[in-house]
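Colleague: The following block contains the structure, expressed as structure tokens.
The values are calculated or read from the model by the stated rules, or taken from the named source; none is laboratory data. Only a predicted model underlies this, so the values are computations on that prediction, with no experimental measurement involved. Glycine gets a Cβ as well: all are built from the backbone with ideal geometry, and neighbour counts include every protein chain shown. The area values use the complete protein model at the heavy-atom level, side chains included, leaving out ligands, DNA and RNA. Shrake-Rupley method; radii C 1.70, N 1.55, O 1.52, S 1.80 Å.
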Amino acid sequence: MSNGRTLTVTRNTEPETTSVVKDFLALIKIGIVNSNLVTTFTGMWLAFQFTGRHFLQELDVIFCTMLGAALIIGGSGAMNNFIDQDIDPIMKRTKARPTVTGRFKPNFVLTIALSFLIVGEILLFAASFAAGMWGLVGIFAYVVLYSMWSKRKHVSNTVVGSISGAIPPIIGFAAVEPALGPGALALFLIMFAWQPPHFYALAMKRTEEYRAANIPMLPVVKGFKRTKYSMVFWILLLFPLPFLLTELGNGFLILATALNLGWVILALKGFTTKDDIKWANKMFIYSLNHMTILFVSIIIFAVFS
């Protein structure tokens, strides 16, 4: 009997523990944390290469920057979940969040969010004063300008949200070179222009959910055709931006241009597609691959530049 009870407890505890971990990672939006850490590291790495400083001599800066950035991004994500408790149950994409299921109570979520933000900022300020200040800018842009203000009121909410998404590479760069420079500006602009077509594709896939939640996303307010024109516009804006990083060499410029060309060709196909949702899914997947390949290539080409 004793062995049977022990086995029963083990079977019940493992899923419970796994579920809590999964919910916690969903609360801090671990996918967004991971993708933004790639751009944070890229900014920091580029600054090391451009200033001639060796990263092995500044491992403390790397540690404080990466962990600090992870915490403020995760904290901002948790704060977004706290703010969106009323609309998340309406959308299929968000109705399983722990703030909706009740697994995490609002006070706990707020405590986690604020704790992450405070500790993250302490670490960023330890890396450099500029990194800490840019971290505050990113928090304000995502929590206040996007989550609390534009998301529910303005069709331009995606563009406003792109400000915060473009801050992580600035944080990384500023941790090494507070004065920033053309390289930091290039990374900011690339990330800023990349986000609207990426999120418009997601919004097209979830249009009816956003409509039910009364969120004025571009496809909801202006329709699919207008959204497609906007996607093409933002992708075209990406074309000249890699040329702000000529120090990385012609190989990088060719690769970046090829990635942009492939994306704009796929975007133009949207005007003749018979299945908008299937096309939007292809656009969404391409955008993820575009960002990953581009920023990893920046890291690689910076080493050999």
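Colleague: Any idea which residue in region 200-210 is least open to solvent (accessible area, probe 1.4 Å), counting only those that are over 19 Å from the mean Cα position of the chain (by Cα) and not hydroxyl-bearing (Ser, Thr, Tyr)? Even if it seems obvious, please write down each step before you answer.
Modeller: So the first thing to find is which residues in region 200-210 are over 19 Å from the mean Cα position of the chain (by Cα), and the list is 207-210.
Of the ones still in play, those that are also not hydroxyl-bearing (Ser, Thr, Tyr) are 208-209.
Values: GLU208: 119, GLU209: 32 Å².
Per the stated criteria, the residue is GLU209.
Colleague: Oh, and also: Of all residues in region 75-107 being in a helix (DSSP H, G or I), among the aliphatic types (A, V, I, L, M) and under 19 Å from SER19 (Cα atoms), which is least open to solvent (accessible area, probe 1.4 Å)?
Modeller: Among those residues, the one meeting the criterion is ALA78.
Colleague: Continuing with this model, one more query. Can you tell me how many residues in region 282-305 are open to solvent by 60 Å² or more (accessible area, probe 1.4 Å), in contact (Cβ under 8 Å) with a residue 60 or more places away in the chain and within 22 Å of the chain's Cα centre (by Cα)?
Modeller: 3
Colleague: Would you confirm whether any residue within region 211-221 is more than 23 Å from ILE163 (Cα to Cα) and open to solvent by less than 80 Å² (accessible area, probe 1.4 Å)?
Modeller: Yes, that holds for at least one residue.
Colleague: Can you name the residue in region 111-122 that is over 20 Å from ASP60 (Cβ atoms) and surrounded by 15 or more Cβ atoms within 10 Å (Cβ to Cβ) and, of all such residues, is farthest from the chain's Cα centre (by Cα)?
Modeller: Per the criteria, the residue is ILE112.
Colleague: Residue check: is SER297 in contact with an Asp or Glu (Cβ under 6 Å, 6 or more places away or on another chain) and of a type in the set (S, T, N, Q)?
Modeller: no
Colleague: Any residue at all in region 243-263 that's farther than 20 Å from SER35 by Cβ, open to solvent by 40 Å² or more (accessible area, probe 1.4 Å), touching a residue at least 40 places away in the same chain (Cβ under 8 Å) and assigned to a helix (DSSP H, G or I)?
Modeller: Yes; the residues of region 243-263 include at least one that is farther than 20 Å from SER35 by Cβ, open to solvent by 40 Å² or more (accessible area, probe 1.4 Å), touching a residue at least 40 places away in the same chain (Cβ under 8 Å) and assigned to a helix (DSSP H, G or I).
Colleague: Can you name the residue in region 264-281 that is free of Cβ contacts under 8 Å to residues at least 60 places away in the same chain and open to solvent by less than 60 Å² (accessible area, probe 1.4 Å) and is also nearest to LEU244 (Cα to Cα) among such residues?
Modeller: VAL264
Colleague: Quick test for you: out of PHE125, PHE140, PHE41, pick the one residue that is modelled with pLDDT of 95 or more, closer than 13 Å to VAL176 by Cβ, in a helix (DSSP H, G or I) and open to solvent by 50 Å² or more (accessible area, probe 1.4 Å).
Modeller: That would be PHE41, the only listed residue that is modelled with pLDDT of 95 or more, closer than 13 Å to VAL176 by Cβ, in a helix (DSSP H, G or I) and open to solvent by 50 Å² or more (accessible area, probe 1.4 Å).
Colleague: In this structure, is SER287 among the small types (Gly, Ala, Ser) and closer than 27 Å to GLU208 by Cβ?
Modeller: When the stated conditions are applied, SER287 passes them.
Colleague: Any residue in region 202-213 that's closer than 9 Å to ARG93 by Cβ: show its pairings with residues that are at pLDDT below 95 and part of a helix (DSSP H, G or I) at Cβ separation under 8 Å, as long as the two are six or more apart or on different chains.
Modeller: GLU209/ILE90
Colleague: A follow-up question, please. Looking at region 225-242 only, could you name the residues that are open to solvent by 10 Å² or more (accessible area, probe 1.4 Å), under 22 Å from the mean Cα position of the chain (by Cα) and within 12 Å of PRO197 (Cα to Cα)?
Modeller: Of everything in region 225-242, those that are open to solvent by 10 Å² or more (accessible area, probe 1.4 Å), under 22 Å from the mean Cα position of the chain (by Cα) and within 12 Å of PRO197 (Cα to Cα) turn out to be LYS228, SER230, VAL232, PHE233, TRP234, LEU236, LEU237.
Colleague: For PRO169, which of the numbered conditions (1) at negative phi; (2) surrounded by fewer than 22 Cβ atoms within 10 Å (Cβ to Cβ) fails to hold?
Modeller: (2)
Colleague: Also, I was wondering about something else. Within region 176-232, restricting attention to residues that are in contact with a Ser or Thr (Cβ under 7 Å, 6 or more places away or on another chain) and among the β-branched types (Val, Ile, Thr), which residue is farthest from ILE83 (Cα to Cα)?
Modeller: Applying the filter and picking the extreme gives VAL176.
Colleague: A further question on this structure: Out of curiosity, is SER164 hydroxyl-bearing (Ser, Thr, Tyr), surrounded by fewer than 23 Cβ atoms within 10 Å (Cβ to Cβ) and at pLDDT 95 or above?
Modeller: Numbers: hydroxyl-bearing (Ser, Thr, Tyr): yes; surrounded by fewer than 23 Cβ atoms within 10 Å (Cβ to Cβ): no; at pLDDT 95 or above: yes.
Spelling it out, it is not the case that SER164 is hydroxyl-bearing (Ser, Thr, Tyr), surrounded by fewer than 23 Cβ atoms within 10 Å (Cβ to Cβ) and at pLDDT 95 or above.
Colleague: Taking MET148 as meeting all but one of (1) open to solvent by less than 50 Å² (accessible area, probe 1.4 Å); (2) closer than 19 Å to ILE72 by Cα, write down the number of the exception.
Modeller: Every condition holds for MET148 apart from (1).
Colleague: Right, something else. Does region 174-199 hold any residues that are of a type in the set (A, V, I, L, M, F, W, C), open to solvent by 40 Å² or more (accessible area, probe 1.4 Å) and in a helix (DSSP H, G or I), and which are they?
Modeller: Within region 174-199, LEU185, PHE188, LEU189, PHE192, PHE199 meet the criteria.
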